[in-house]
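To start, the structure under review is shown below, and the notes come after it.
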Amino acid sequence: MKDRAYTHVAVGNFNLDVVIYVERLPEPGETLIALDANMRPGGAATNYAATVAQYGHRVHLVASVSSREYVKSALDELRELGVLVDYVKVVDEDPGVVVVLVQPGGERTMLKYPGANKELSVNDVPVELLEESHVVHMASVSPELAMGISKVCAKRGILVTYDPGVYVSTLKDVAHSLVENLDILFLNEREIATLSKQFKVSALFKYGLRVLVVKMGQRGAVAILPSGVCYHGSTTPIKKPVDATGAGDAFDALFNAKYIESQDPSIALAYGVAAGALKVGYRGSFMRLDHKLLKLQLERVVVSRTLECPHKLD
């Protein structure tokens with residue numbers, strides 16, 4: 001367990017995840033009997049915050065949540081993990097809901113309803129919170145909102161990171177302006193393929209981006225630097241994969257936590273890869289982090305430095 005010398009701000013969604021475990025996805029018009037089901041707190045920023053708190057850093061969740069009574073118990077679960085929720089805004093709207101269908105092996109399909117999350121704004125990230133923070137991570141929020149928040153963070157010595165998630169298709173129009181105040185951009189393979197069809201992703205480094213991280217599922221991840229140097233990290237999960245939900249959020253959380261500690265992208269990549277691989281072995285939108293298991297997973301991580309990046313950015 002680390003001391004809480006570093007403070008993160010996780011900005012984004014707080015959802016109620018309705019998770020259905022199935023043998024396979026139903027055909028149109030078909031009804032299947034599920035293997036299992038549960039309801040749990042989720043959302044990219046929420047999953048990030050839960051992982052960071054369990055790692056040992058301080059973390060504030062900034063989100064817009066529903067005033068419905070059943071949301072309160074979900075927030076209590078985050079408090080018990082150490083997530084600070086003083087800056088969570090409560091609004092009179094239906095909650096954000098995600099229906100997750102999880103197949104054997106952990107692969108999942110999701111349907112999202114934003115609900116109360118739509119009320120989140122730049123004004124919900126107060127300057128006084130930024131004054132005490134080391135990392136601001138924006139997850140699955142619109143590029144316009146991310147750009148507004150990153151501008152507020154500018155010149156404050158804060159590590160600013162962004163994982164656009166479903167909003168990647170709208171990133172094109174503001175990408176260059178956004179990365180002027182952005183340090184790390186997280187994408188998956190599908191997302192970088194989408195962006196590469198729209199513009200030269202390598203141009204983002206000219207506008208100030210320090211690290212581009214591409215998550216590749218079972219094949220690990222790469223961290224690409226402005227110099228063209230590429231680090232590739234991979235591992236074999238120590239636990240049987242059962243639920244990939246939140247694996248990318250766990251990756252982001254420990255990548256950022258270790259990057260702010262070490263300022264070394266290769267070390268950060270090792271921790272991110274380990275966190276993602278460990279998460280798929282847990283049912284839940286975020287895992288209950290076992291530090292002994294994390295250490296064992298880290299021992300299986302291999303990080304190599306190469307000038308031959310597996311993803312073409314031009």
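Could you tell me which numbered condition Val19 fails, if it satisfies all but one of (1) under 24 Å from Val136 (Cα atoms); (2) open to solvent by less than 10 Å² (accessible area, probe 1.4 Å); (3) not in a helix (DSSP H, G or I)?
So the condition that Val19 fails would be (1).
Filter the range 29-40 down to the residues that are part of a loop (DSSP other than H, G, I, E, B) and among the small types (Gly, Ala, Ser), then identify the one that is least open to solvent (accessible area, probe 1.4 Å).
Applying the first criterion (part of a loop (DSSP other than H, G, I, E, B)) to the range 29-40 yields 29-35.
If we keep only those that are among the small types (Gly, Ala, Ser) as well, we get 29, 34.
Values: Gly29: 89, Ala34: 46 Å².
If we take residues in the range 29-40 being part of a loop (DSSP other than H, G, I, E, B) and among the small types (Gly, Ala, Ser), then Ala34 is least open to solvent (accessible area, probe 1.4 Å).
Out of all the residues in the range 193-218, which are farther than 20 Å from Gly165 by Cβ and either in contact with a strand residue (DSSP E or B) (Cβ under 7 Å, 6 or more places away or on another chain) or among the aliphatic types (A, V, I, L, M) (or both)? Don't jump to the end; show me each part of the working.
Taking the range 193-218 and keeping what is farther than 20 Å from Gly165 by Cβ, we get 200, 202-203, 205-208, 210.
Those that are farther than 20 Å from Gly165 by Cβ and either in contact with a strand residue (DSSP E or B) (Cβ under 7 Å, 6 or more places away or on another chain) or among the aliphatic types (A, V, I, L, M) (or both): Ala203, Arg210.
What number of residues within the range 147-195 satisfy the criterion of being more than 16 Å from the chain's Cα centre (by Cα) and not aliphatic (A, V, I, L, M)? Show your work before the answer.
Pass one, the range 147-195, residues more than 16 Å from the chain's Cα centre (by Cα): 147-158, 169-181, 193-195.
Retained after the next criterion (residues that are not aliphatic (A, V, I, L, M)): 148, 150-151, 153, 155-157, 169-170, 172-173, 176-177, 180-181, 194.
Matching residues across the range 147-195 total 16.
Tally time: how many residues in the range 100-110 are surrounded by fewer than 19 Cβ atoms within 10 Å (Cβ to Cβ) and more than 17 Å from Leu278 (Cα to Cα)?
Residues in the range 100-110 being surrounded by fewer than 19 Cβ atoms within 10 Å (Cβ to Cβ) and more than 17 Å from Leu278 (Cα to Cα): 3 in total.
Of the numbered conditions (1) over 15 Å from Asn188 (Cβ atoms); (2) in contact (Cβ under 8 Å) with a residue 40 or more places away in the chain; (3) of a type in the set (Asp, Glu), Asp249 fails exactly one; give the number of that condition.
Going through (1) over 15 Å from Asn188 (Cβ atoms); (2) in contact (Cβ under 8 Å) with a residue 40 or more places away in the chain; (3) of a type in the set (Asp, Glu) one by one, Asp249 breaks only (1).
Within the range 52-72, can one find any residue that is at pLDDT below 95, part of a helix (DSSP H, G or I), under 30 Å from His291 (Cβ atoms) and open to solvent by 50 Å² or more (accessible area, probe 1.4 Å)?
Yes, the range 52-72 has at least one match.
Looking only at the range 221-245, which residues are free of Cβ contacts under 8 Å to residues at least 60 places away in the same chain and either polar (S, T, N, Q) or touching a strand residue (DSSP E or B) at 6+ places or on another chain (Cβ under 7 Å) (or both)? So that I can check it myself, show each step before the final result.
Going through the range 221-245, the residues free of Cβ contacts under 8 Å to residues at least 60 places away in the same chain turn out to be 221, 223, 225-227, 239-240.
Hits for the range 221-245 are Ala221, Ala223, Leu225, Ser227.
Among what's in the range 258-280 and is crowded, with 19+ Cβ neighbours inside 10 Å and small (Gly, Ala, Ser), pick the residue that is farthest from the chain's Cα centre (by Cα).
Step by step, filter the range 258-280, then rank; the result is Ala270.
Hey, does the range 242-250 have a residue that's part of a helix (DSSP H, G or I) and either among the hydrophobic types (A, V, I, L, M, F, W, C) or open to solvent by 40 Å² or more (accessible area, probe 1.4 Å) (or both)? Give the steps one after another, and end with the answer.
The initial filter retains those residues of the range 242-250 that are part of a helix (DSSP H, G or I), namely 247-250.
Applying the additional criterion that residues be either among the hydrophobic types (A, V, I, L, M, F, W, C) or open to solvent by 40 Å² or more (accessible area, probe 1.4 Å) (or both) yields 247, 250.
Among the residues of the range 242-250, at least one is part of a helix (DSSP H, G or I) and either among the hydrophobic types (A, V, I, L, M, F, W, C) or open to solvent by 40 Å² or more (accessible area, probe 1.4 Å) (or both), which makes the answer yes.
When the residues of the range 155-212 are narrowed to those that are within 19 Å of Phe255 (Cβ to Cβ) and of a type in the set (Ser, Thr, Tyr), which ends up surrounded by the fewest Cβ atoms within 10 Å (Cβ to Cβ)?
Thr161
The rows are residues; the columns are (1) more than 25 Å from Ala74 (Cβ to Cβ); (2) buried (at least 18 other Cβ atoms within 10 Å of the Cβ).
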{"position": "Val98", "(1), (2)": "no, yes"}
{"position": "Glu119", "(1), (2)": "no, no"}
{"position": "Glu131", "(1), (2)": "yes, no"}
{"position": "Val136", "(1), (2)": "no, yes"}
{"position": "Ser140", "(1), (2)": "no, yes"}
{"position": "Met147", "(1), (2)": "yes, yes"}
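For the list (1) over 15 Å from Asn256 (Cα atoms); (2) surrounded by fewer than 24 Cβ atoms within 10 Å (Cβ to Cβ); (3) not charged (D, E, K, R), I need the number of the one condition that Gly43 fails.
(2)
Criterion first (in contact (Cβ under 8 Å) with a residue 12 or more places away in the chain and either in contact with a strand residue (DSSP E or B) (Cβ under 7 Å, 6 or more places away or on another chain) or of a type in the set (Val, Ile, Thr) (or both)) does Tyr70 satisfy it?
Numbers: in contact (Cβ under 8 Å) with a residue 12 or more places away in the chain: yes; either in contact with a strand residue (DSSP E or B) (Cβ under 7 Å, 6 or more places away or on another chain) or of a type in the set (Val, Ile, Thr) (or both): no.
Taking the combined requirement at face value, the residue does not satisfy it.
List pairs: first in the range 117-137 and under 20 Å from Ser67 (Cα atoms) and in contact (Cβ under 8 Å) with a residue 60 or more places away in the chain, second open to solvent by 30 Å² or more (accessible area, probe 1.4 Å) and acidic (Asp, Glu), Cβ under 9 Å, 6+ apart or cross-chain?
Here the result reads Asn117/Glu93, each pair linking the range 117-137 to a residue that is open to solvent by 30 Å² or more (accessible area, probe 1.4 Å) and acidic (Asp, Glu).
Suppose we filter Arg300, Arg283, Arg305 for residues that are open to solvent by 30 Å² or more (accessible area, probe 1.4 Å), assigned to a strand (DSSP E or B) and basic (Lys, Arg); which single one remains? Even if it seems obvious, please write down each step before you answer.
Working: Arg300 fails: assigned to a strand (DSSP E or B); Arg283 fails: assigned to a strand (DSSP E or B).
None of the other options fit; the residue is Arg305.
The values are calculated or read from the model by the stated rules, or taken from the named source; none is laboratory data. These numbers come from a predicted model, not from an experiment. Virtual Cβ from ideal backbone geometry, glycine too; neighbours counted across all protein chains shown. Accessible surface is based on the protein model in full, side chains and every heavy atom, while ligands, DNA and RNA are left aside. Shrake-Rupley method; radii C 1.70, N 1.55, O 1.52, S 1.80 Å.
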